Amino acid sequence: MYIRKVTHANKKNRQEYPAYKLVESVRSERGPQQRMLLNMGADFTFPEERWKDLANSIEGSGKYNSKSY
């Protein structure tokens, strides 16, 4: 489980902005894939050097794991 930064573009003015998502790696019959568990939006201000700690903490809580779906 990790946090991914993605870039989106506004269709009207083509302005780009970041969005942050909590993502889980899952193996399927088509090979490894990533599943978005939580969209944290564009206002996510947690320091990047602590993203892994945050993802590990969320994973440890058991609230956002693949077995809960």
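The values are calculated or read from the model by the stated rules, or taken from the named source; none is laboratory data. In this text, all values refer to a predicted model and were calculated from it rather than measured experimentally. Glycine gets a Cβ as well: all are built from the backbone with ideal geometry, and neighbour counts include every protein chain shown.
The table below lists the values:
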read-out: Any chance Tyr2 is surrounded by 12 or more Cβ atoms within 10 Å (Cβ to Cβ), touching a helix residue (DSSP H, G or I) at 6+ places or on another chain (Cβ under 6 Å) and among the aromatic types (Phe, Trp, Tyr); value: yes
read-out: The one condition in (1) out of contact with any Phe, Trp or Tyr (no Cβ under 8 Å at 6 or more places or on another chain); (2) surrounded by 10 or more Cβ atoms within 10 Å (Cβ to Cβ) that Thr45 fails to fulfil; value: (2)
read-out: Within the range 14-32, tally of residues that are free of Cβ contacts under 8 Å to residues at least 40 places away in the same chain and either aromatic (Phe, Trp, Tyr) or under 16 Å from Ile3 (Cβ atoms) (or both); value: 7
read-out: Residue in the range 16-32 that is more than 22 Å from Ile58 (Cβ to Cβ) and in contact with a strand residue (DSSP E or B) (Cβ under 7 Å, 6 or more places away or on another chain) present; value: yes
read-out: Residue match in the range 37-49 (condition: part of a helix (DSSP H, G or I) and at pLDDT 90 or above); value: yes
read-out: Which numbered condition Tyr20 misses (of (1) exposed (fewer than 12 other Cβ atoms within 10 Å of the Cβ); (2) part of a strand (DSSP E or B)); value: (1)
